[in-house]
Amino acid sequence: MMRARIVIPGLIYLLMLGSVLSSEKKGDFNPWQSLFTEPIETLYIIMEDRVAFRYSNQDEIEVHMTLGKLEKELRTPERNYKIEDIVVIIHNHLKGCTFSPTDRKLHWRLKKYGFRGRFLLYSHTSNETYDIEGKIK
């Protein structure tokens, strides 16, 4: 379940801004790195209003998220988000820096249901962030 709700809009704003305006030099600080401190794969969903959700199934190899689980977490009595309200989905890979076939399938399905945001991958091995539609330097 997406347990943690991060209510630190300033941090999220800096992370989003940093991914777009980050330095092109290798080895520089990557602002997304601070989200991925555990040796497991984790997924963050950031909404238009800067509310963020964290999800992990505590696995080192994958984070499994279905559209059904996602929609259930987005729509509760307290909130009524839709997939099209998501601006960033970012997850990490402990090894490698390429999107998996499962990542590509999830991205395709999300787009089918109205997702127009950025689908990102943070790689621990390269310390870089990648956009499924093109690399972010």
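The values are calculated or read from the model by the stated rules, or taken from the named source; none is laboratory data. Computed from a predicted model, the values in this text were never measured in an experiment. Cβ sites come from the backbone with ideal geometry, for glycine too, and all protein chains shown count toward neighbours.
When you go through LEU74, LEU67 one by one, which is the residue that is among the aliphatic types (A, V, I, L, M) and touching a residue at least 40 places away in the same chain (Cβ under 8 Å)?
Checking each option against the conditions leaves just LEU67.
Restricting the first member to the stretch 30-50 and to residues that are closer than 25 Å to GLU84 by Cβ, and the second to residues that are basic (Lys, Arg) and surrounded by fewer than 20 Cβ atoms within 10 Å (Cβ to Cβ), the beta-carbon pairs closer than 6 Å and six or more apart or on different chains are TYR44/ARG54.
When ILE86 is tested against the conditions (1) surrounded by 18 or more Cβ atoms within 10 Å (Cβ to Cβ); (2) without any contact (Cβ under 8 Å) to a residue 24 or more places away in the chain, the lone failure is (2).
Mind checking whether some residue in the stretch 104-113 is within 20 Å of ILE40 (Cβ to Cβ) and either out of contact with any helix residue (DSSP H, G or I) (no Cβ under 7 Å at 6 or more places or on another chain) or modelled with pLDDT under 95 (or both)?
Step one: of the stretch 104-113, the residues within 20 Å of ILE40 (Cβ to Cβ) are 106.
Add one more test, that the residue is either out of contact with any helix residue (DSSP H, G or I) (no Cβ under 7 Å at 6 or more places or on another chain) or modelled with pLDDT under 95 (or both), and what stays is 106.
So far as the stretch 104-113 goes, yes, one or more of its residues are within 20 Å of ILE40 (Cβ to Cβ) and either out of contact with any helix residue (DSSP H, G or I) (no Cβ under 7 Å at 6 or more places or on another chain) or modelled with pLDDT under 95 (or both).
Is it the case that the stretch 116-133 has a residue that's surrounded by fewer than 13 Cβ atoms within 10 Å (Cβ to Cβ), more than 15 Å from the chain's Cα centre (by Cα) and not polar (S, T, N, Q)? The answer is no, given that none of the residues of the stretch 116-133 is surrounded by fewer than 13 Cβ atoms within 10 Å (Cβ to Cβ), more than 15 Å from the chain's Cα centre (by Cα) and not polar (S, T, N, Q). LEU110 falls short on exactly one of the conditions (1) in a helix (DSSP H, G or I); (2) touching a strand residue (DSSP E or B) at 6+ places or on another chain (Cβ under 6 Å); (3) surrounded by 19 or more Cβ atoms within 10 Å (Cβ to Cβ), and that condition is (2).
Return the only residue of ASN57, ASN80 being polar (S, T, N, Q), over 14 Å from the mean Cα position of the chain (by Cα), surrounded by fewer than 17 Cβ atoms within 10 Å (Cβ to Cβ) and under 19 Å from ILE40 (Cβ atoms). Give the derivation first.
Numbers: ASN80 fails: under 19 Å from ILE40 (Cβ atoms).
That would be ASN57, the only listed residue that is polar (S, T, N, Q), over 14 Å from the mean Cα position of the chain (by Cα), surrounded by fewer than 17 Cβ atoms within 10 Å (Cβ to Cβ) and under 19 Å from ILE40 (Cβ atoms).
Within the stretch 56-87, can you find the residues that are modelled with pLDDT under 90 and of a type in the set (Phe, Trp, Tyr)? Scanning the stretch 56-87 gives no hits.
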